[in-house]
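The values are calculated or read from the model by the stated rules, or taken from the named source; none is laboratory data. What you are looking at is a predicted structure, and each value in this text was computed from that prediction instead of being measured. No Cβ is skipped: glycine too gets one built from the backbone with ideal geometry, and neighbour counts run over all protein chains shown. Please note that ligands, DNA and RNA were not included when accessible areas were found on the heavy atoms of the full protein model with its side chains. Shrake-Rupley method; radii C 1.70, N 1.55, O 1.52, S 1.80 Å.
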Amino acid sequence: MADIKIDKIAKTFGNARALDEITLDIADGEFIALLGPSGCGKTTLLRIIAGLETRSAGRVIIGGRDISDTPTRARGLAMVFQNYAVFPHMTVYENVAFGLRMQKADEARIKAQVARAAELLHIEPYLERYPAKLSGGQRQRVAVARALAVEPPVLLMDEPLSNLDALLRLEMRAELKAVLREAGTTTIYVTHDQTEAMGLADRIAVMHGGRIVQIDKPTAVYSRPKTTFVGGFVGSPPMNFLPVTAASGAIDLDGLSLAAPRPEGNLLAGIRAEDFALSHSGEGLAFDVMVAEPLGSHTLLTGRSHGQMLRVVAPPNGDYPADTRLGLKPDPNRIVWMDAASGEALRQETAA
Amino acid sequence: MTTVRSRLLPYLLLAPSVAFLAALFLVPLIQTITLSFSEDGVPSLANYTRMVSDLNFGLAVRNTFLLVLTVVPIQIVMALAMAMMLQKLPRGRDVVLWIWTIPLGISDLAAGLVWLAILQDRGYLNSALYGLGLIDGPTAWLTYETPVALFFGVLVAEVWRATAIVLVILFAGLQLIPKEYKEAAEVFGARPWTTFVRITLPLLKPSLQTALILRTVLAFEVFAVVYAIGGTNFPVLVGEAYNWQRNYQNTGVAAAYAMLIVAISLGATVVFLWALRTKPEQQA
């Protein structure tokens, strides 16, 4: 059993607070993505869990055992590094076998485990080669195989796919998900790529400024962001935030009336680009197309509505020359209402 | 034509340094070779016979090899330890490195004289020992009657003087090794010593090779420190070459010694190049 309990972990560098009392519970076998922009503390948190970085306060408990002061080598983890860190002076076989050798496993077990990990990651043909002879994608597989060969209860991954090209990344992502599901390993995966986090994780912890801003299932993080930061960071294109004013419990969008979550006051309506219905007759919120990007599966329109920049997903085959005026009807059930001043979602909306 | 000129340009730019090396290195080398293999202008091995049959020859060979075989390993181990410690320092690395490399800025003769001042009859060492009541009066350590003490004195002076260059090379090499390798080893359960032996040392091989070649070649040329501390009581190869040239006015035998030193240095270099080669497929 390897559930992970991160209890009020804090890290300060001088006066700068890199991590602000992070608390996080991860179930056995769960895949958690730590998602955030660079400098949000996600890698620091991962390195503290690994013991490669010292913490300023708090505890890390894995499988009921407080390992906060245990040296890295005794924590029973495996890790995949961003730059792979595959040992260049060892063959692929020796690289994959490294963790087992450190555990003083017998030769038969090493052989069996390496063979299994190599098969899982499709690197059998390269076992006798040196890493310098491998491509980036193959090295990444070796790094993952090395981590899985020790059958770790906990696997830490630090942006493992960010050095691969786009196509390879897509391929590795799907493979990784299948492999890790089979292994049943509790995984913490650090990434700044929201697509990766959405695609891989059981739950996403969105980090910003040394805190976890929201932790939830990928679909919930996407459609019910807790703050404007989450809405803007998760999803491509980012969520639209339309400033509106409620009066007597209703909001008026160019003649379109919506029920307001608050009787009065300034609000932000968080609306995903695909949650607008387009009306060519101009009914609804006035929207002037500036740029249309045909992306194959859909066309992405960028334009203005009363001076506010909006991004709208339109059907793929339409023709939208610049300065076309369209009417937008947002799906009222999918609007995330946010407080204009704090940028935080209103309570009744977050309880989804 | 511009293309011809641009093709010739690299060679033109290299020409001065090639000419310089040819005039001041290649020509003297060939002259030394001919000089060592001739007697009164006739090709002969007489210089080599005289060199080998000289009383001091065996002693000089023995002393030089003894010195190289003790000094170089001590320096490599010390420099490795120092470089590893330096890497662990969270701050103040530069200051410590500067202090450790001070001996590099001192000429070897001056370094020899410093150690002479410490080790001679009325030197600092004897004063200290006398003060502690360990000796009754001035004691000579650096005579031909005390070869072990003399050897030890030269050894200490050489280690003090020239370990820093090994340190600089190894420290630079250590910093080229990405820290993720060490971290990966740690995550997968390696103890610090295992990480050092299985990860750091193999990845440091190119720097170790450079340091070993440089230090060994220079150690075979040891002279000024030995001469300052032991004078002629501790014959070494370069010292003998100097003696034959200066005191016996025999350039031929001096040239033979020089050739012997060149041959030994080349041999050592070849051994290190082969023994510590990094296969191309294993390069980082």
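Put simply, of B:166, B:148 the only residue that is more than 14 Å from chain A (Cβ to nearest Cβ) and either in contact (Cβ under 8 Å) with a residue 12 or more places away in the chain or of a type in the set (Lys, Arg) (or both) is B:166. Every listed requirement among (1) within 14 Å of chain B (Cβ to nearest Cβ); (2) open to solvent by 30 Å² or more (accessible area, probe 1.4 Å); (3) under 20 Å from residue A:176 (Cα atoms); (4) out of contact with any Ser or Thr (no Cβ under 8 Å at 6 or more places or on another chain) is met by residue A:82 save one, (4). Checking B:214, B:276, B:260, B:201 one by one, the residue that is under 20 Å from the mean Cα position of the chain (by Cα), within 14 Å of chain A (Cβ to nearest Cβ) and of a type in the set (A, V, I, L, M) is B:276 and no other. Looking at A:112, A:118, A:50, A:145, which one is touching a Ser or Thr at 6+ places or on another chain (Cβ under 7 Å) and among the small types (Gly, Ala, Ser)? Among A:112, A:118, A:50, A:145, only A:50 is touching a Ser or Thr at 6+ places or on another chain (Cβ under 7 Å) and among the small types (Gly, Ala, Ser). Annotation note: Cβ proximity below 8 Å between a residue of the stretch B:47-63 that is more than 22 Å from residue B:32 (Cα to Cα) and a residue that is assigned to a helix (DSSP H, G or I) (sequence gap 6+ or interchain) occurs for B:63/B:151. Each residue in the stretch B:2-60 was checked for being on the phi > 0 side of the Ramachandran plot and not small (Gly, Ala, Ser), and 1 of them qualify. For the stretch B:61-74, the condition holds for no residue, the condition being that it is in a helix (DSSP H, G or I) and either over 23 Å from the mean Cα position of the chain (by Cα) or loosely packed, with under 11 Cβ neighbours inside 10 Å (or both).
On the stretch given as the stretch B:180-197, residues that are among the hydrophobic types (A, V, I, L, M, F, W, C) and open to solvent by 20 Å² or more (accessible area, probe 1.4 Å) total 3.
The number of residues in the stretch B:130-145 that are under 26 Å from residue B:232 (Cβ atoms), free of Cβ contacts under 8 Å to residues at least 12 places away in the same chain and open to solvent by 40 Å² or more (accessible area, probe 1.4 Å) comes to 1.
In the stretch A:60-76, the qualifying residues are those that are in contact (Cβ under 8 Å) with a residue 24 or more places away in the chain and surrounded by 15 or more Cβ atoms within 10 Å (Cβ to Cβ), and the one that is farthest from residue A:46 (Cα to Cα) is A:63. Residues that are hydroxyl-bearing (Ser, Thr, Tyr) and within 8 Å of chain B (Cβ to nearest Cβ) within the stretch A:52-79 comprise just one, A:72.
Meeting the requirement of 1 or more residues that are within 13 Å of chain B (Cβ to nearest Cβ) and among the charged types (D, E, K, R), the helices (runs of 4 or more DSSP H) wholly within the stretch A:87-163 are A:92-102, A:136-149. Is it the case that residue B:177 is open to solvent by 30 Å² or more (accessible area, probe 1.4 Å), within 26 Å of residue B:99 (Cα to Cα), of a type in the set (Val, Ile, Thr) and within 14 Å of another protein chain (Cβ to nearest Cβ)? For residue B:177, the condition - open to solvent by 30 Å² or more (accessible area, probe 1.4 Å), within 26 Å of residue B:99 (Cα to Cα), of a type in the set (Val, Ile, Thr) and within 14 Å of another protein chain (Cβ to nearest Cβ) - is met.
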